[in-house]
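The values are calculated or read from the model by the stated rules, or taken from the named source; none is laboratory data. What you see is a predicted model; the values in this text were computed from it and never measured. Here the Cβ positions follow ideal geometry from the backbone for every residue, glycine too, while neighbour counts run over all protein chains shown. The area values use the complete protein model at the heavy-atom level, side chains included, leaving out ligands, DNA and RNA. Shrake-Rupley method; radii C 1.70, N 1.55, O 1.52, S 1.80 Å.
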Amino acid sequence: MNPRIEDLCEKVLRDLTKMGASDASVLVVRSRERVVRFSDNKVTVAKTLSTTSLDVYLCKDAKMVTSSTSDLTSEGIERFVKNLVHSCDALQPSPDYTPLPKGPFIYPSHNNFDRRLAEDGSLLIDLVKQALDLVPKNKLRLAGIMKSQTVESQILTTGDVNTKDKRTNISLSVRAIGEEGGSGHDVSCACWLDGFDHLGATKNASDLALKSSNPRAWEEGVYDVVFSPIVAADFIQQVGYAASAFEVDAGISFLSEKLNEKVATESLTLRDFGFIKDGMASRTFDDEGLPTRENIIIEKGVLKGYLHNSTTARKFGTSSTANAGVVEPRPWNLVVEGGGYDEEELLKEVKRGILVTSNWYTRFQNPRTGEYSTLPRDAAFLVVNGRVEHPIRGLRLSGSILEQMRRIAAIGKERRWVSWWEVTTPVLTPTVLVKDVLVTKPY
Amino acid sequence: MNPDLALYAVKTADGQGASFSEARIHELNETTVLLKNGEPQPAQLISSKGIGIRVYHRGGLAFAATNEATYEGIRNTVEEATRIAASSGTVVNSGVGLSFEKSVEASWRAEEKENIEDVGLEEPTKILKELDGILKDEFDGLMFTHRLLTLSLTLEEKFYVNSEGSKVQSRVPRVSFSSYLTTNVEGVPITITIPPGYSQLGESGGWEVVKRLKLHEYVLEEAKRLAYVLKMRRASPRGVLDVILGPNVVGLVAHESVGHPSEADRILGREAAQGGESYLKPKDIGLKIGSEEAYVSDDPTIPHSMGFYLYDDEGVAARKRRLVERGVVSSFLHDRQTAFKFKIESNGASRSSSFDREPIVRMANTFVEPGDHTLEELIEGVSYGIYIKSFMEWNIDDRRLNQRYVGLEAYLIENGEVKHPIREPIVELDTFTLWKNLDARAKDIEFNAATCGKGEPMQPIAVWTGGPSIRLRAIKVEAR
């Protein structure tokens, strides 16, 4: 961390306190993101995005404001602080005001920081070239994105918090598109170079593209659906958002009024980890300075808890789970407990079903009850009596996420990290089999 | 940020041998006021300011961004951009280039009668409190027990310069409102949004926008009508029926099934791993996709629109684009990269959402052109069908063919008359079926504000979607 920035943090906190802040936090995040995008088997653009931002939370007389700036010149910060205090004075006090957590705290000493990812500026181009060289260019078009990120952050609060964190991550989302209507998608996500498998993901996407070519006719109806980890991750992400106590309090969560109730089959256990190896959003502190931790959301099918910051925790009569967002708590890294089925055993459970390998565009008719539809994309297959029969395409799944969780019939053993364009909260999940899902096609 | 830094960036790239370079100082200031169940949540003041630099060098394209506003910071960023352009161009020749466009010097701004920077937080908070006061009333025995209201004020300012001599300065303020409301109908909790379809009520302009939108009247009327619909609705008919779609739905249909597939970068496969590809191929100008009533355009120059601009983020003059005329594909949306591949000129569709995002092809305000009929005439022509005025759930596949819209405010039509509200009718149909079965357009064009997502890293961008009421013949209607 640039010492000048550290000094600035301390000065901002001092100034805010002098100006009457009852609570304040100052968070500096320095990020360097490297990106290589490719399509049609060629690199289309390389990017380096270097940003440093200063995020401040200020509370005076129960009036609350959060603010962020990327103008880190001395004059810019002085203007920023004055404007912040002036803006705060114009607000009305909120009954939701809750003091920031009082430290000092003890933080986890580990981190997800791989120096090779932070320092090697040519790494991504080399890895993308290896991936592009892997596939037969006359048969498949590859498109995708490889990116790596190095984040250093520091937080200071009026609650005696002063701590730092640093982390790295790397990910690939790759799609292979064939000539005969087939396409495949896969991802690889890691925080350490050793856990990153760009060639495996590329090979898998390519295999799926070839296997899904020449899709055949299929009938609309109710099917048992095998959600590959990429698809399962999207649904788990929706459950993670719905577990935010802010969403519950706002009345827009399908997990509202369900605490300690059975919301899923016994086979589902879901946790959120503030820190976990290869969890791309791992961090040692939340935005209020609390040490992050492991939280259970669903245990053996029972909703055990929501995700809280200090404000929602006070409102719900509990303690923070260290998931702040000052305004809204959010999941960090969602982890589904592995089940007892290997891939083959899980498929054997399917009498008449569909295997979906990727999806996008999950949208809710009624967020409060979880009624949704989503579009499988890329390879999908009809499964009959435990055997993959043939590829299909043009399908849509619909139902209610709550009902779907109660119809989970099997959970796989092997888990994978998923994070890509559609799944923005990292999820570690196995394959999941859900009974009786409505599958339709367009008119 | 000092404009000289942008000029310095281009000069530095030139000195390093870049064949083309551009720099964009891009500043976004956003104030968001949030009220949850009547209680103020922390107000949010977000300011993002920095410089995005794009270079072509040794066969490669690179984009680099920084918010370090010093000559040293800029020089380092340009050096990084030229280095990664050269390495990507060497490793895999990407064959990228830019169309020829004449250079311009321009300064433009959206109309702004009451300066948005003078507003502060007091007035927006007061307005949200008033709106919450309206919404917490009882509507025919139905209460919105949970209310999440948002009012956002945004100011976007840019200074663009490129190595061909273009210099463009701009300023666009925007104001928008959105809300989530939850009620309970016969024991079933229901969350809706006002405006429906997770959209916003918004325009470009200064604080005068709040008065122009007549927010209080709009929210009251919409809440009353939606409460009535939720309370009174009966089961939706199923089967192959005539369907009238209102402007709220039509705007989305235009955006999703014509706007996105007309983006030339998507047609060329550049977004294949993210937002997907398109049912349109490069040779598909002239392809018939709909009836003679199908007219879809995109126009960034509509005053007060959320997607308003006069020059795009490559310094190309904005213009109206007719995407579909008489059912035939008439043009695509281009930036200079895609125009180069098509060997034509750009039609000014390049936009970036912030300083650290690469400019790419984007829609601005996409809409179905209005027709000559009244809504009543459309309804009179239906003996048995449905009228979907607004929606909640929607989605479309990654080639933009398989789409679904689920009604929120919807009614039965019998013998040319609108009857009782119906519960969440579903139309799930193919793009070509949709546009080929369009037989009439009304005059009642309206626009909704929305945030369009595209690109990776993600670039949320302000747009309008719009159109008049339209009538589709013989569409399959389902219900949950």
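The set of residues in the range A:109-133 that are more than 10 Å from chain B (Cβ to nearest Cβ) and open to solvent by 80 Å² or more (accessible area, probe 1.4 Å) comprises A:109, A:110, A:115, A:116, A:119, A:130. Among the residues of the range A:390-404, those that are assigned to a strand (DSSP E or B), within 23 Å of the chain's Cα centre (by Cα) and either surrounded by fewer than 22 Cβ atoms within 10 Å (Cβ to Cβ) or of a type in the set (Ser, Thr, Tyr) (or both) comprise A:398, A:399, A:400. Reported count of residues in the range B:336-365, each being surrounded by 24 or more Cβ atoms within 10 Å (Cβ to Cβ), small (Gly, Ala, Ser) and assigned to a loop (DSSP other than H, G, I, E, B), is 6.
Considering only residues of the range B:75-87 that are out of contact with any helix residue (DSSP H, G or I) (no Cβ under 6 Å at 6 or more places or on another chain) and at the interface with chain A (Cβ under 8 Å from one of its Cβ atoms), which is most open to solvent (accessible area, probe 1.4 Å)? In this case the residue turns out to be B:83.
For the range B:135-148, the tally of residues that are buried (at least 21 other Cβ atoms within 10 Å of the Cβ) and more than 14 Å from every other protein chain (Cβ to nearest Cβ) stands at 0.
One line per residue, one yes/no per condition, for (1) open to solvent by 10 Å² or more (accessible area, probe 1.4 Å); (2) part of a strand (DSSP E or B):
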site: B:150; (1), (2): yes, yes
site: B:156; (1), (2): yes, yes
site: B:165; (1), (2): yes, no
site: B:174; (1), (2): yes, yes
site: B:179; (1), (2): no, yes
site: B:183; (1), (2): no, yes
site: B:201; (1), (2): yes, yes
site: B:206; (1), (2): no, no
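Count, please, the residues in the range A:370-388 that happen to be under 30 Å from residue B:390 (Cα atoms) and in contact with a Ser or Thr (Cβ under 6 Å, 6 or more places away or on another chain). It would help to see each step written out before you state the result.
Residues of the range A:370-388 that are under 30 Å from residue B:390 (Cα atoms), as a first pass: A:370-377.
Add one more test, that the residue is in contact with a Ser or Thr (Cβ under 6 Å, 6 or more places away or on another chain), and what stays is A:370-374, A:377.
Total meeting the criteria: 6.
Taking the listed residues A:102, A:82, the one that is free of Cβ contacts under 8 Å to residues at least 60 places away in the same chain, touching an Asp or Glu at 6+ places or on another chain (Cβ under 7 Å) and more than 10 Å from chain B (Cβ to nearest Cβ) is A:102, with no other qualifying. So which residues in the range B:1-58 are touching a residue at least 12 places away in the same chain (Cβ under 8 Å), open to solvent by less than 10 Å² (accessible area, probe 1.4 Å) and not in a strand (DSSP E or B), if there are any at all? Within the range B:1-58, B:5, B:6, B:9, B:13 meet the criteria. For the range A:58-84, a residue qualifies if it is over 20 Å from residue A:5 (Cβ atoms) and buried (at least 19 other Cβ atoms within 10 Å of the Cβ), and the qualifying residues are A:59, A:60, A:63, A:64, A:65. Assess whether residue A:55 counts as being within 12 Å of chain B (Cβ to nearest Cβ) and open to solvent by 30 Å² or more (accessible area, probe 1.4 Å). Yes. Within the range A:427-443, the residues that satisfy the criterion of being touching a residue at least 24 places away in the same chain (Cβ under 8 Å), open to solvent by 10 Å² or more (accessible area, probe 1.4 Å) and not β-branched (Val, Ile, Thr) are A:428, A:435, A:436, A:438, A:441, A:442.
Scanning the range B:1-38 for residues that are among the β-branched types (Val, Ile, Thr), within 14 Å of another protein chain (Cβ to nearest Cβ) and touching a Lys or Arg at 6+ places or on another chain (Cβ under 7 Å) returns a single hit, B:25. When residue B:274 is tested against the conditions (1) assigned to a loop (DSSP other than H, G, I, E, B); (2) modelled with pLDDT of 95 or more; (3) more than 30 Å from residue B:375 (Cβ to Cβ), the lone failure is (2).
Would it be correct to say that residue A:16 is part of a helix (DSSP H, G or I) and surrounded by 24 or more Cβ atoms within 10 Å (Cβ to Cβ)? Break it down stepwise before answering.
Details: part of a helix (DSSP H, G or I): yes; surrounded by 24 or more Cβ atoms within 10 Å (Cβ to Cβ): yes.
When the stated conditions are applied, residue A:16 passes them.
If we keep just the residues of the range B:28-78 that are charged (D, E, K, R) and closer than 15 Å to residue A:53 by Cβ, which is modelled with the lowest pLDDT?
First pass over the range B:28-78, keeping only residues charged (D, E, K, R): B:30, B:36, B:39, B:49, B:54, B:58, B:68, B:72, B:75.
Adding the requirement that they be closer than 15 Å to residue A:53 by Cβ leaves B:30, B:49, B:68.
On the way: B:30: 96, B:49: 95, B:68: 92.
Step by step, filter the range B:28-78, then rank; the result is B:68.
The combined condition, being at pLDDT 95 or above and surrounded by fewer than 20 Cβ atoms within 10 Å (Cβ to Cβ), is fulfilled by residue A:216.
Specify which of the listed residues (A:314, A:352) is farther than 25 Å from residue B:46 by Cβ and within 14 Å of chain B (Cβ to nearest Cβ). Don't jump to the end; show me each part of the working.
Numbers: A:352 fails: within 14 Å of chain B (Cβ to nearest Cβ).
Unique residue meeting the criteria: A:314.
Candidates in the range B:242-262 are the residues that are within 14 Å of chain A (Cβ to nearest Cβ) and touching a helix residue (DSSP H, G or I) at 6+ places or on another chain (Cβ under 8 Å); of these, the one that is farthest from residue A:177 (Cα to Cα) is B:253.
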